[in-house]
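To start, the structure under review is shown below, and the notes come after it.
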Amino acid sequence: MLDHLSFATHAWTDTLESDLSRIRRHLHRYPELMFDVDQTMSLIAGLLRKWDIELHEQVGRHFHKGVIGILRGSQPGPVVLLRADVDALPIHEQNTAAYASTREGIMHACGHDAHTAMLLGAARVLAAEREQLYGTIIFAFQPAEEGAQPSPLDGRLISGGRDLIEDGLLEHVDQVFALHVWPQLETGQLGIHNDVAMAASSHFTITFHGTPGHHSTPHLASDSIMMAARFINDIKLFMATQIDPLEANVLSFGTLHAGTVKNAIAGKSELTGTFRSLHPQTVERITSAIQLYAEQIAAQHGGTAEIVQRTGTVLRNDPIVVEQVKAAAAEVFGLSGIQPLEPVLAGEDFALYTQQRPGAFAFIGCRAPEQQEVYPLHHPRFDIDENVLLLGTRLHVQFARRALSSISGQRKDESDASFRA
């Protein structure tokens with residue numbers, strides 16, 4: 001697959017741009033979900049191996065699906081990690097481009113194909129200049145950003161980021177950085193948050209267990225649909241009256257399944273949803289309320305509740321790393337191309353990286369300037385302006401160079417200060 005890709009050793013060539021497009025389109029044609037990303041990771045591993053980048057496959061404590069490339073410079077120094085997510089979404093593509101998804105009900109509706117192509121491009125460019133690098137760059141290709149699955153080890157809901165981190169990915173890392181395509185911005189613009197960027201996106205599944213029975217004898221049954229309906233109403237009331245209305249928070253339901261026949265009381269109902277908040281303490285309050293309300297409502301109706309929650313993490317950018325991103329972005333987009341952004345209630349498991357290491361998450365515009373109709377992320381007609389691919393590659397490269405240099409300089413200053421003291 002894509003064995004013809006050569007990537008000329010000179011940093012910015014016409015072939016680089018066309019090769020990035022070919023990688024992205026191949027990934028778009030053959031999307032894969034969650035941790036089921038073997039073909040995608042095989043392509044990535046093959047290219048990293050071809051470019052003589054130290055390769056680690058089957059990374060991840062629980063699912064073993066991550067691919068990590070390690071590029072060591074000619075001299076020891078700091079360690080900078082660049083991350084790309086690789087998984088697609090269970091959405092049926094409605095685009096008709098030649099590179100549209102060939103897999104029924106699966107598409108790259110969130111741009112992870114572009115993220116992967118950009119990071120591969122950066123890996124190739126930086127590999128060609130390894131003799132000039134002082135330090136180490138880690139290229140992390142992560143599965144399962146779009147959700148979580150029960151771990152085969154302990155049953156916990158695990159996303160791809162958590163899987164890699166629990167396998168020791170961040171042990172020696174000094175800084176982390178990642179990009180996300182953003183259709184709200186035109187190609188040639190970069191958006192970044194100075195502090196809080198994205199919400200803690202928490203998922204929940206609640207299963208109410210009652211006693212099935214005939215509609216003519218409701219007193220002999222325990223209605224699980226009534227439990228679900230009551231819970232939906234009460235938790236929404238909690239959000240409206242118990243959470244500060246000046247905070248940005250939202251709780252919504254995604255699915256509700258119950259019963260098997262129209263004239264029988266359902267003995268089981270299941271509902272799923274998410275809630276999002278920019279405040280860790282509010283996340284804790286809502287998490288506790290979901291557990292308490294579900295259990296009490298089930299008990300009042302003579303049933304039980306089974307609650308499974310995956311608590312999200314607020315994504316916060318480190319101010320020092322943000323300034324490094326801005327400096328790198330000025331070389332790629334110009335100062336006028338850098339836009340400050342307000343926090344958004346979407347979630348990202350890159351928050352798990354920035355929770356443990358100084359880092360930043362930036363949004364790169366992917367909307368063609370002449371584009372009239374804009375489709376958001378997760379829409380069946382979402383697509384990108386492929387001019388963004390070279391820009392994202394260049395930003396990864398510039399950031400890595402600057403981060404290695406900046407951290408090295410900071411350590412020298414600290415060492416000199418300690419010596420003088």
Task: For Phe382, net neighbour charge (Lys/Arg +1, Asp/Glu -1) across residues whose Cβ lies under 14 Å away - done: -4
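Taking 0.36 nm per residue of separation and subtracting the Cα-Cα distance, what length does fully extending Leu335 through Leu256 add?
Length difference between fully extended and current span is 23.6 nm.
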Open item on the list: Using a 1.4 angstrom probe on the protein heavy atoms only, could you order Lys50, Lys262 from most to least accessible area?
Closed with: Lys262, Lys50
Open item on the list: Report the Cα centroid-to-centroid distance between segment 287-306 and segment 371-405 in angstrom, as an integer.
Closed with: 44
TODO: Would you pull out the residues with amide H under 5 Å of Thr187's amide H, same chain only if 5 or more places away, H placed 1.01 Å from N?
DONE: Cys366, Arg367, Ala368
Task: Under Karplus coefficients 6.51, -1.76 and 1.60, residue-wise ³J(HN,Hα) of segment 388-400 in Hz, glycine/proline x - done: 5, 5, 5, 5, x, 4, 4, 5, 4, 5, 5, 5, 4
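Show me the ranking of peptides 361-367, 71-77 by mean Cβ neighbours inside 10 Å, starting with the highest.
Descending packing order for the listed peptides: 361-367, 71-77.
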Task: Hz values of 3J(HN,Hα) by residue in segment 143-159 - Karplus curve (6.51, -1.76, 1.60), Gly and Pro given as x - done: x, 6, 7, 7, x, 8, 10, x, 5, x, 8, 9, x, 5, 6, 10, 8
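With the contact rule set at Cα under 8 Å and sequence spacing of 6 or more, what percent relative contact order holds for the chain? Please report the intermediate quantities before stating the final value.
On the way: 932 pairs, mean separation 91.7, N = 421.
Reported as a whole number, the value is 22 percent.
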Open item on the list: Could you order the peptides 38-47, 280-289, 81-90 from most to least packed, using the average number of other C-beta atoms within 10 Å per residue?
Closed with: 81-90, 38-47, 280-289
- [ ] Report Rg/Rh for segment 238-324, rounded to two decimals, where Rg is the Cα radius of gyration and Rh the Kirkwood radius.
- [x] 1.12
Open item on the list: Distances longer than 37 Å among the Cα atoms of the chain: what percent of all pairs is that?
Closed with: 29
- [ ] Have a look at Thr255, Thr354, Thr313 and tell me which one the Gaussian network model of the chain (Cα, springs below 10 Å) gives the largest fluctuation.
- [x] Thr255
Task: Sequence-distant aspartates and glutamates (8 or more away, or on other chains) whose Cα lies within less than 19 Å of Lys50 - done: Asp3, Glu17, Asp19, Asp38, Glu129, Glu131
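Please report, as a whole percent, how much of the solvent-accessible surface of the chain comes from carbon and sulfur atoms (probe radius 1.4 Å).
Roughly 51 percent of what the probe reaches on the chain is carbon or sulfur.
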- [ ] Read phi for every residue in segment 205-211 and hand back ³J(HN,Hα) as whole Hz from Karplus 6.51 cos²θ - 1.76 cosθ + 1.60, θ = phi - 60°, with x for Gly and Pro.
- [x] 10, 10, 10, 9, 10, x, 10
- [ ] Please list the non-local residues whose amide H lies under 5 Å from the amide H of His180, H modeled 1.01 Å from N, same-chain partners needing a gap of 5 or more.
- [x] Ala362, Phe363, Ile364
- [ ] Pull out the extension gain between Ser18 and Ala248, defined as 0.36 nm times the separation in residues minus the alpha carbon to alpha carbon distance; nm, one decimal.
- [x] 78.6 nm
- [ ] Report, in deg cm²/dmol and to the nearest 500, the calculated mean residue ellipticity at 222 nm for the chain, where each DSSP H run with n ≥ 4 adds -39500 (n - 2.57) and the sum is divided by the residue count.
- [x] -11500 deg cm²/dmol
Open item on the list: Give me, ordered by chain and number, the residues 5 or more places off Leu157 or on other chains with an amide H under 5 Å from its own placed amide H.
Closed with: Ser151
Task: the chain, accessible area per residue, ligands and nucleic acids excluded (1.4 Å, Å²) - done: 44
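The values are calculated or read from the model by the stated rules, or taken from the named source; none is laboratory data. The structure presented is a predicted model; accordingly, all values stated were derived computationally and were not measured. With ideal geometry, Cβ positions are generated from the backbone for all residues, glycine too; neighbour counts draw on all protein chains shown. SASA here: full protein model, heavy atoms, side chains in, ligands and nucleic acids out. Shrake-Rupley method; radii C 1.70, N 1.55, O 1.52, S 1.80 Å.
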